[in-house]
Each structure stands twice: as C-alpha cells, then as structure tokens.
Amino acid sequence: MTGVAGPAQLEAVFGACARLGVVVHSARFSAGRVRLVLAPAAPLRELEAQLTSIGFETLAEPGDHSMEALSAREQELLTHLAKGYQLKEVARRMGVETSTVREYWSRAKRKLGVRSMSQAVSLWTTTAASHHDHPGED
C-alpha cells in the first residue's frame with residue numbers, strides 16, 4: 001500500500017493497522033510513500049477502506065511478500081535449515097550463539113506465519129525460489 005508519508009499520516013496508517021489487529025512485518029518510507037509488508041491473512045479490504053477514508057490511495061500488490069520481511073540473518077538461518085542443519089550447527093556456521101539463532105528463528109517464524117521448522121523450510125524452498133537464484137545454496 002502506498003501513500004503520502006508525513007508524521008501525521010504515518011500515525012494514521014499505523015493506527016488503522018492497530019485498530020484492525022494487522023501485523024506489519026516491515027515498513028519502508030521513501031519519496032513521500034509508505035510501503036507495508038503485512039502478515040498473511042491481513043484484512044486488506046478493511047484496511048484499504050480505512051486508509052482510503054483518511055485520504056490515502058492504496059495499491060495492493062499480489063503475491064507473497066513474506067520473504068521481503070525477513071532480515072538477511074533470518075534468510076541465512078532458513079537457508080541452513082533447508083540444508084538440514086540443526087540450530088546448534090547453524091549457530092556455529094553463522095558465528096553466533098545458539099540463543100541468537102533461536103531469536104532469529106522466533107522472528108522468522110512470526111514473520112512467515114508458520115509454527116514449525118518443516119513449514120518454514122517448505123515455504124522457504126518453494127517461495128524463495130522466486131526471490132533468490134538458488135535458495136539453500138552456499
């Protein structure tokens with residue numbers, strides 16, 4: 001969704017999201033516009049209606065933008081998980097503590113709307129193919 005992004009407008013956008021319980025995975029602000037990556041199953045019609053009522057023009061882009069919400073480290077984690085590595089080995093390969101990898105996993109799981117590693121890996125290997133040349137490769 002795009003629209004003019006001044007302080008009052010940003011407050012209005014995030015207020016509309018909060019009222020509807022819409023989870024915003026990421027937001028980018030540039031050139032007087034705001035771009036939101038929303039959680040799966042977000043009530044788009046209701047959000048568009050609220051944003052239109054406060055003067056925003058909206059544009060819903062079809063497709064799965066969940067991969068855009070992932071940080072580089074979360075993507076790296078999913079690449080390692082897709083190769084079959086356990087969290088302890090992933091931590092070693094990433095050069096961080098296992099607790100840090102668990103935090104990356106928690107964030108990635110929330111952003112992707114999955115409950116298990118197998119769901120995340122399945123989504124990553126099928127969806128990431130359209131976002132990366134070779135998901136799961138070094």
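When Met67 is tested against the conditions (1) at pLDDT below 85; (2) farther than 19 Å from Trp124 by Cβ; (3) surrounded by 12 or more Cβ atoms within 10 Å (Cβ to Cβ), the lone failure is (2). Of all the criteria given as (1) more than 14 Å from Ser26 (Cβ to Cβ); (2) in contact with a Leu (Cβ under 8 Å, 6 or more places away or on another chain), the one not satisfied by Gly95 is (2). Restricting attention to segment 22-31, the residues that are more than 15 Å from Lys111 (Cβ to Cβ) and either touching a residue at least 12 places away in the same chain (Cβ under 8 Å) or hydroxyl-bearing (Ser, Thr, Tyr) (or both) add up to 2.
Taking segment 76-87 as the range and being touching a residue at least 12 places away in the same chain (Cβ under 8 Å) and either within 14 Å of Arg102 (Cβ to Cβ) or out of contact with any Pro (no Cβ under 7 Å at 6 or more places or on another chain) (or both) as the test, the residues that pass are Glu76, Leu77, Leu78, His80, Leu81, Lys83, Leu87.
Conditions tested, residue by residue: (1) part of a strand (DSSP E or B); (2) in contact with an Asp or Glu (Cβ under 7 Å, 6 or more places away or on another chain); (3) at pLDDT below 80; (4) buried (at least 16 other Cβ atoms within 10 Å of the Cβ).
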residue: Gln9; (1), (2), (3), (4): no, no, yes, yes
residue: Cys17; (1), (2), (3), (4): no, no, no, yes
residue: Phe29; (1), (2), (3), (4): yes, no, yes, no
residue: Ala41; (1), (2), (3), (4): no, no, yes, no
residue: Leu51; (1), (2), (3), (4): no, no, no, yes
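The values are calculated or read from the model by the stated rules, or taken from the named source; none is laboratory data. Everything numeric here is computed off the predicted structure, so don't read it as measured data. Note: ideal-geometry Cβ built from the backbone for every residue, glycine included; neighbour counts use all protein chains shown.
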